[in-house]
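Heads up: the structure comes next, in structure tokens.
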Amino acid sequence: MTAAAKRAKRFSRMPGDPPRDEMLARMIRVDQAGEYGAKRIYEGQLAVLGQSKDGPVLREMAAVEERHLETFNELMVRRRVRPTVLTPVWHVAGFALGAGTALMGREAAMACTVAVEEVIEEHYADQAVRLEREGDPELTGIVERFGAEEAEHRETALEHDAEKAPGYEPLTAAVKAGSRLAIWLSERV
């Protein structure tokens, strides 16, 4: 069974699933929260590494995340989706994660990027399967395009020595776990 077929099977509608409109609202809410968190992570990294040789690449990735955030902000208004009540938490936590990993060194900052982008890339791929089934071509196109851009960020971070970070495996595992928890919470509250 292909990965896409497994995802389609995993995301078939079940009794008790939220109605289509609520499911779409949750997707937009969590994606906006995630892009806001990503913006704050890059702001934290830039506060520490902005004047280093990695500053330009971090600014370039941050600009893409800003564009993603603007897109989801616009979608929230147009589709009347409320933001997560956890935005103040993501404001602080995102910056702290970015600055904290950057203080551990440039490689740790890049390892953070690898972990976050890997989770988001998977998240967007899962959403694309659901959205194709639900028939929302606008949102499907957005998450597919943004997922590809997040994959580029992951590759860029790997090219900038992410895997050389001390404790790469436990660091990325912790960041992935935190990212998955943030997704779960932001969909719901």
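The values are calculated or read from the model by the stated rules, or taken from the named source; none is laboratory data. All figures in this text were calculated on a predicted structure; none of them were measured in a lab. Note: ideal-geometry Cβ built from the backbone for every residue, glycine included; neighbour counts use all protein chains shown.
Looking only at region 44-66, count how many residues are acidic (Asp, Glu), in contact with a helix residue (DSSP H, G or I) (Cβ under 8 Å, 6 or more places away or on another chain) and surrounded by fewer than 19 Cβ atoms within 10 Å (Cβ to Cβ). First the steps, then the outcome.
Our first condition is that a residue be acidic (Asp, Glu); within region 44-66, this holds for 54, 60, 65-66.
Now narrow it down to the ones that are in contact with a helix residue (DSSP H, G or I) (Cβ under 8 Å, 6 or more places away or on another chain): 54, 65-66.
Remaining after also requiring surrounded by fewer than 19 Cβ atoms within 10 Å (Cβ to Cβ): 66.
So the count comes out to 1.
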Exercise. What number of residues in region 1-38 are at pLDDT 65 or above, under 22 Å from the mean Cα position of the chain (by Cα) and not in a helix (DSSP H, G or I)?
Worked result: 0
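Working only within region 59-69, note down all residues that are touching a residue at least 24 places away in the same chain (Cβ under 8 Å) and either in contact with a strand residue (DSSP E or B) (Cβ under 6 Å, 6 or more places away or on another chain) or of a type in the set (A, V, I, L, M, F, W, C) (or both).
Within region 59-69, the first condition is being touching a residue at least 24 places away in the same chain (Cβ under 8 Å), and the residues that meet it are 61, 64-66, 68-69.
Residues satisfying the conditions are Met61, Val64, Leu69.
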Exercise. Is it the case that some residue within region 41-58 is acidic (Asp, Glu) and closer than 25 Å to Thr140 by Cα?
Worked result: no
Exercise. Quick one: would you say Ala108 is in contact (Cβ under 8 Å) with a residue 24 or more places away in the chain and touching a helix residue (DSSP H, G or I) at 6+ places or on another chain (Cβ under 9 Å)?
Worked result: yes
Exercise. When region 111-147 is examined, which residues are found to be without any contact (Cβ under 8 Å) to a residue 60 or more places away in the chain and outside any helix (DSSP H, G or I)?
Worked result: Gly135
Exercise. From the residues in region 60-101 that are in contact with a Gly (Cβ under 7 Å, 6 or more places away or on another chain) and not aliphatic (A, V, I, L, M), which one is nearest to Leu24 (Cα to Cα)?
Worked result: Trp90
Seminar exercise, completed: If we ask which residues in region 150-167 are surrounded by fewer than 18 Cβ atoms within 10 Å (Cβ to Cβ) and part of a helix (DSSP H, G or I), their number turns out to be 7
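For the structure I just gave you, tell me whether Glu35 is out of contact with any strand residue (DSSP E or B) (no Cβ under 8 Å at 6 or more places or on another chain), under 23 Å from Ala174 (Cα atoms), buried (at least 22 other Cβ atoms within 10 Å of the Cβ) and acidic (Asp, Glu). Before the answer, list the steps.
Values: out of contact with any strand residue (DSSP E or B) (no Cβ under 8 Å at 6 or more places or on another chain): yes; under 23 Å from Ala174 (Cα atoms): yes; buried (at least 22 other Cβ atoms within 10 Å of the Cβ): yes; acidic (Asp, Glu): yes.
Here the answer is yes, as Glu35 does meet what is asked.
Within region 111-151, track down each residue that is among the acidic types (Asp, Glu) and out of contact with any helix residue (DSSP H, G or I) (no Cβ under 8 Å at 6 or more places or on another chain).
First pass over region 111-151, keeping only residues among the acidic types (Asp, Glu): 117-118, 121-122, 126, 132, 134, 136, 138, 144, 149-150.
Glu122, Glu138, listed by residue number.
Would you mind finding the one in Val175, Val143, Val114 that is under 28 Å from Asp21 (Cβ atoms), hydrophobic (A, V, I, L, M, F, W, C) and crowded, with 19+ Cβ neighbours inside 10 Å?
Val143
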